Amino acid sequence: MAGLFIISLSYLLLAAHALRGGDGGLAVFMIGTAGIAFSRERWAGNVAGVMLGCGSLIWLAKGAGLINLRIGVGGDWGRLAVIMGALFATTIFSAAYCFSPAGRERFSRSKDQGWFRAAIFLMTALLLEITRNKVAFPILLTDRFFPGWGRAEIFFLACYASWLGGKMFSPEGAKAMRPRIWALFSLVFFGQLALGLAGIEQFLMTGKLHLPVPALIAAGPVYRGSGFFMPILFTVSVLLVGPAWCSHLCYIGAWDDQCSRVGDLKPSRKFNSRLIWLRLVLLVLVVGAAWGMRTAGVSVAIAVWSAALFGLAGIAVMFWVSRRMGMMVHCTAFCPMGIVSNLLGRISPWRMKISDDCCKCMKCSKACRYNALKPVDIEAGRPGISCTLCGDCLSSCSSSSLGYRLPVVTPKTARMVFLVIVITLHALFLGVARI
């Protein structure tokens, strides 16, 4: 218990320093991180070690600043140096303890998930912190309702992401959790839109509304001649996780996923594979229509209604075709950004491969809702162009022949790295994505 005591003491001192500086959110972050250390799980110990290492730098920088100030005014700085040195030594000792043999014995639960869940927690916290500091307006809801407390939200989102990592650690767990968290993201996204339109303006991003139709990611900037935030976000996300944008991060795709699962239907084998290229035709038509409207000076009202009708047509495909066929027809054959994701994803390093051990049982094909594992694809040793790296097929493969691939590393490591990135992006989008 001595180790946990010194860790808690270090965190409480940092929390007190944050409160003194008026940062209640950071104080919550520090106290909360001290609390999760009592779980004795390895990931919590790794997080504590890294966070306390960063905390020691806070004391070092603060001490150096105060000592220079004392020297500048000719005051006594010796006792101050001793106090700040003691704070630094206590915190750095706590950080070192987390990684020592005694600390690793203390944090002995869930050893196999140690750095996996810690990496998710730390990356989520870091990216949210960077976003919070770089965006010109309060991007986090907590900062909008309670200015200055945004880091409390960062802590809870990081904890949620780490918890999610534990649930998705196995292929079976990932298959069960992915549709749930995807639906949660869509619910939060559109729930905030509804509350914003109802008059609670804090739930809107900038006050300038945009239709949440995926095709407008490409067509919107073409019509407006500006507003390239979403195309940049989309492109960066696809480069990071390949076409997994379509199976984890799209606010509309979750609807198609849920429709395809109504009645627990199995994906239909009657789907014409050539229809996946219809999306490319629709992309050209949508972007061409946007350019034509801009050139012809078509009013915003007409452009908005045109986009709305296209979006409603997509919803009709979900509720009428996807629901009946038991597969994601909207995402696979209708959404223009789906084909962009599939093609642009070829630039990313992520691949799903089928090894020579495959017994051709076709169980993976029955699990795929994107029509990416047809017999010809399995024979070729890789999913088809419509694969979104959702990973649902992994748990159905009894021979473990399917797996994520990343240059240099093993398939198991590749899957862990992929999950760290995609779960982190999910938590980041959950915190900042609004209309």
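The values are calculated or read from the model by the stated rules, or taken from the named source; none is laboratory data. Bear in mind the structure is a predicted one, so any value in this text is a computation, not a measurement. In this analysis, Cβ positions are derived from the backbone assuming ideal geometry, glycine residues included, and neighbour counts consider all displayed protein chains. Ligands, DNA and RNA are excluded from the accessible area calculation, which covers all protein heavy atoms including side chains. Shrake-Rupley method; radii C 1.70, N 1.55, O 1.52, S 1.80 Å.
Observations
- The simple Förster model, with R0 at 45 Å and r as the Cβ-Cβ distance, assigns Leu197 and Asn272 a FRET efficiency of 0.70.
- Sequence-distant contacts, meaning Cα pairs under 8 Å at least 6 residues apart, place the relative contact order of the chain at 17 percent.
- Each listed q (0.08, 0.14 Å⁻¹) maps to a log10 I(q)/I(0) for the chain from the Debye sum over equal C-alpha point scatterers, namely -0.54, -1.28.
- Counting only residues at least eight positions apart within a chain, or on another chain, the lysines with an alpha carbon under 25 Å from that of Lys62 are Lys134.
- Ranking Ala194, Ala174, Gly227 by how far each Cα lies toward the positive end of the dipole of the chain (charges on Cβ) leaves Ala174 at the top.
- About the Cα centre, charge dipole magnitude for segment 1-92 (Lys/Arg +1, Asp/Glu -1 at Cβ), debye: 60
- The relative contact order of segment 256-337 comes to 61 percent, based on Cα pairs under 8 Å that sit 6 or more residues apart.
- Charge dipole (debye, nearest 20) of the chain; +1 at Cβ of Lys and Arg, -1 at Cβ of Asp and Glu: 840
- Figure note: Ile120, Ile31 ranked by solvent-accessible area, largest first, 1.4 Å probe, ligands and nucleic acids not counted: Ile31, Ile120.
- 22 Å Cα-Cα threshold exceeded, pairs from Lys175/Lys366; Lys270/Lys363; Lys175/Lys270: Lys175/Lys270
- Using C-alpha pairs under 8 Å with a sequence gap of at least 6, the mean separation divided by the residue count of segment 295-422 gives a relative contact order of 21 percent.
- Exposure of Thr410 as accessible area (Å², to 10), given a probe of 1.4 Å and all protein chains: 80
- Once exposed loop chymotrypsin sites (Phe, Trp or Tyr not before Pro) are cut out (DSSP; at most 16 other Cβ, 10 Å), longest piece of the chain: 229-435
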